[in-house]
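Every number in this text was worked out from the coordinates using simple rules, so none of it is lab data. Quick caveat: nothing in here was measured; it's all calculated off a predicted structure. Reconstructed Cβ throughout: ideal geometry from the backbone, glycine too, with neighbour counts over all protein chains shown.
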Number of protein chains: 2
Amino acid sequence: MTKGCLIGVGTGPGDPQLVTRRAWALVESAEVIAYPAPDTGTSFARSIMADAISQHAIEIPMIVPMRPGRAPAQSIYDAAAETIAGHLAAGQDVVVLCEGDPLFYGSFMYLLVRLRDSYPVQIVPGVTSLSACAAAQARPLVARSDVLSVLPGTMDDDQLAAAIGAADAVAIMKVGRHMPRLRALLQRLGLVGSALYTSHASLPHEQALPLAEAPDEAPYFSMILIYKGDDPWIS
Amino acid sequence: MTKGCLIGVGTGPGDPQLVTRRAWALVESAEVIAYPAPDTGTSFARSIMADAISQHAIEIPMIVPMRPGRAPAQSIYDAAAETIAGHLAAGQDVVVLCEGDPLFYGSFMYLLVRLRDSYPVQIVPGVTSLSACAAAQARPLVARSDVLSVLPGTMDDDQLAAAIGAADAVAIMKVGRHMPRLRALLQRLGLVGSALYTSHASLPHEQALPLAEAPDEAPYFSMILIYKGDDPWIS
């Protein structure tokens, strides 16, 4: 029997209109669909694709407790990979929904590493939160021969300052509870005026503000973009 | 009269199926479409969207001589912005096609900076070449709390070595004629075994190879991805 294919599909940043044509079509025809889901509430990835999912599809929610800053227990992915492998071995393709892009800070890698040696794999890239935040601000992320560094907000101040110093453009991901510290650091570095804050990019409740006007209480999925050049679009 | 909106639309990396639903719909209904085009040959951005463009659309090719490594003359964008402004002032929206994502190393910024103070702007983010190259290799670009640095291949060896040393994951863009030098540098740094080469990601003639097997003659639009971690997906 021909094995099924593990298909990692990027759902983009949140707006269902920012899903690629291929991702939408694959989900519309998918017979087996897996996605990460919180222990309470709805799956964000599933909600983006809700209008494409067939009533007859088998759904595999992977319950991943959301504890910002901590990687979930590997046993969750062991179990999900085993369930998915059952379908793949039976010849069924399995579409795995991944917020943003499957290979950009995504949990899809935990399935990929468990299944790639035994089953064919296909990846459908998606629009990242990085691109969505730049779009929300209508300001270039990176230009010409710039160096872009993508940094997690969990890094300590010295590491962040060194990394920011070495780049032309910077994205600080996963801002969340680190917001007051990050803003104070950028103030010390003289970069608050070049920094933008975005949360929930592409969603109805999107916030796109200069960092100076951003709230102290930032959600986990928020981002600070910094452009250090003196280009005319920088205020 | 209501002014028209400047709409920067990401076309994704090349495969028309990797265009977002919004981008496709906007181009289908667009009355005025602008795109970069080489001085000889066809426009890559237009070719991606060809099946969506109406026969009745007004097309504005922006002829940009392709000289790798050199920014084109600003007079080209002055002229294009003036033509586009004519349509915007007359109340017509203008859709500008941008390969990949409009704000990720794109020439769209040259129009944006000229028009944003006078006309409303909307950006539709797209799938970047970065995501497409990772997808072609089916390997994570960046994971957990990694630092990702995106570097132009034009940087000199010392700058590259320092930037690579400070990151967990690296993408070297615009490889082109720098390929032999870049490969030699990565050899010295002991990273050739962790490096992947991709050209023309998502297109029929895509090449996705370990760097060690990549050709010495690389096209301008090719990329080297490096992952320095010891995760099990690294060979």
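For chain A, calculate the relative contact order in percent as a whole number, restricting contacts to Cα pairs under 8 Å that are 6 or more residues apart.
After rounding, I find 22 percent.
Using Cβ contacts closer than 10 Å as the measure, can you line up A:THR154, A:THR11, A:THR2 from fewest to most?
Taking fewest neighbouring Cβ atoms as first place, the list is A:THR2, A:THR154, A:THR11.
At 7 Å along Cα-to-Cβ for each site, give me the label-to-label distance between B:GLN159 and A:GLN122 in nm.
Rounded to a tenth, the inter-label distance reads 4.1 nm.
With label points built 7 Å along Cα→Cβ from the Cα atoms of B:ALA57 and A:LEU203, find their separation and express it in nm.
For B:ALA57 paired with A:LEU203, the spin-label model returns 3.2 nm.
Can you pull the Kirkwood radius for the protein assembly as shown, inverse mean 1/r over Cα pairs, to one decimal in Å? Please list the in-between numbers first.
Values: mean 1/r = 0.0440 Å⁻¹.
Averaging 1/r across every pair of different Cα atoms and inverting gives 22.7 Å.
For the range B:129-227, what is the relative contact order in percent, using Cα pairs closer than 8 Å and at least 6 residues apart in sequence?
Relative contact order here is 33 percent.
Toward the positive end of the charge dipole of chain B, about the Cα centre and with charges on Cβ (Lys, Arg +1; Asp, Glu -1), which of B:VAL121, B:ALA167, B:SER194 goes farthest?
Highest projection toward the positive end goes to B:ALA167.
So how do A:PHE44, A:PHE108, A:PHE221, B:PHE104 line up by other beta-carbon neighbours within 10 Å, fewest first?
A:PHE44, A:PHE221, A:PHE108, B:PHE104
As a footprinting exposure proxy, order B:ASP117, A:ASP146, B:ASP101 by other Cβ within 10 Å, with the fewest listed first.
Fewest-to-most Cβ neighbours within 10 Å comes out as B:ASP117, A:ASP146, B:ASP101.
Using a 7 Å offset from Cα along the direction of the beta-carbon, what are the separations from B:ALA212 to the same position in each other copy, nm, ascending?
Here the equivalent label points are 5.4 nm apart from this one.
Nearest 5 is fine: what % of DSSP beta bridges in the protein assembly as shown come out antiparallel, could you say?
Given both bridge residues lie in the protein assembly as shown, the antiparallel proportion sits at roughly 40 percent.
Per DSSP helix of 4 or more residues, -39500 (n - 2.57); summed, then divided by the residues of the protein assembly as shown. What does that give at 222 nm, rounded to the nearest 500?
-8500 deg cm²/dmol
Across the residues of A:98-107, average count of Cβ atoms on other protein chains within 10 Å?
Mean partner-chain Cβ count within 10 Å for A:98-107: 5.
Given 0.36 nm per residue, what is the gain on full extension from A:ALA166 to A:ASP78 after removing their alpha carbon distance, in nm?
Values: separation 88, 0.36 × 88 = 31.68 nm, distance 3.90 nm.
Here the segment from A:ALA166 to A:ASP78 would lengthen by 27.8 nm.
Taking the label point as lying 7 angstrom from Cα along the Cα-to-Cβ axis, what are the distances from A:ALA166 to the corresponding position in the remaining copies, in ascending order and in nanometres?
Label-point distances to the other copies, shortest first: 0.5 nm.
If you take every DSSP beta bridge fully contained in the range A:6-124, what fraction is antiparallel? Give it as a percent rounded to 5.
Percent antiparallel among DSSP bridges in the range A:6-124 is about 5.
Let me make sure I get this right: for the range A:1-127, a, b and c are the square roots of the gyration tensor eigenvalues over alpha carbons, sorted descending. Under 1.5 in a/c it's rounded, otherwise prolate if a/b > b/c, else oblate. Which is it?
In terms of gyration-tensor shape, rounded.
Only Cα pairs under 8 Å and at least 6 apart count here; give the relative contact order of the range A:6-124 as a rounded whole percent. Write down the numbers at each step before the final one.
Working: 197 pairs, mean separation 49.1, N = 119.
Over the range A:6-124, the number comes to 41 percent.
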